[in-house]
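Structure first, commentary second.
Since every read-out is calculated from the coordinates, none of them should be taken as a lab result. Here the structure is a predicted model, which is why all the values come from computation and not from measurement. Here the Cβ positions follow ideal geometry from the backbone for every residue, glycine too, while neighbour counts run over all protein chains shown.
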């Protein structure tokens with residue numbers, strides 16, 4: 001089983017349990033994201049928790065200490081971390097956090113989109129793009145914008161794996177293809 005597949009299964013289980021217990025999914029996502037950030041930003045902790053030479057019971061003890069200091073976490077999140085420690089799978093926490101967030105966004109009918117333009121767009125144009133993309137997808141849109149002067153003009157929108165390329169660079173490439181045929 002790949003780590004991405006395993007992370008997806010753990011995330012789905014956590015999501016389903018949190019939903020069934022009528023807990024706050026957004027709070028569970030925040031807690032899991034904070035823990036993943038803690039694991040990735042604290043090099044010493046990451047080395048301890050991902051080192052195969054350190055036995056699982058010692059890793060569980062470290063996780064128990066972290067949970068005691070973390071304050072109140074949702075029970076499902078705490079149980080998941082202890083389960084991962086017991087199974088020596090704590091290295092999956094960042095991937096689980098990402099998979100959980102993706103599942104939460106799907107549940108909330110939210111999609112990520114990125115728009116690349118040649119120049120900075122004013123806020124009213126960004127809002128118009130966001131509403132157009134929301135109408136096209138039928139979902140709420142989390143829009144990220146980026147400037148890339150190499151596209152000369154126009155815009156490139158990415159929603160998931162779908163790309164809408166309205167850049168001048170792409171239009172020039174099409175003209176070139178047409179002329180060379």
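General observations
- Degrees, to the nearest 10: 25-41 long Cα axis against longest axis of the chain: 80 degrees
- C-alpha long axis of helix 75-86 to longest principal axis of the chain, angle in °: 70 degrees
- Within the chain, DSSP assigns beta bridges of which about 55% are antiparallel (rounded to the nearest 5).
- C-alpha center-to-center spacing [segment 100-172, segment 31-99] in angstrom: 34 Å
- Label-point separation in nm, residue 12 to residue 181, each point 7 Å along Cα→Cβ: 4.3 nm
- In the chain, the DSSP-assigned H stretches of four residues or longer account for a calculated mean residue ellipticity at 222 nm of -20000 deg cm²/dmol, using -39500 (n - 2.57) per stretch and the full residue count as denominator.
- Choice from 144, 113, 53 with maximal GNM fluctuation in the chain (Cα, 10 Å cutoff): 53
- Segment residue 163-residue 147, extension gain: residue separation times 0.36 nm, minus the distance between their alpha carbons: 4.1 nm
- Beta bridges per DSSP with both ends in segment 110-180, % antiparallel, nearest 5: 55 percent
- Theoretical FRET efficiency, 1/(1+(r/R0)^6), r = Cβ-Cβ of residue 48 and residue 20, R0 30 Å, to 0.05: 0.35
- The mean of 1/r over all pairs of different alpha-carbon atoms in the chain, once inverted, gives a Kirkwood hydrodynamic radius of 19.2 Å.
- Within the listed set 19, 82, 133, the residue fluctuating most in the Gaussian network model of the chain (springs between alpha-carbon atoms under 10 angstrom) is 19.
- With Cα atoms, 0 to 90° folded angle of helix 123-137 axis to the chain main axis: 80 degrees
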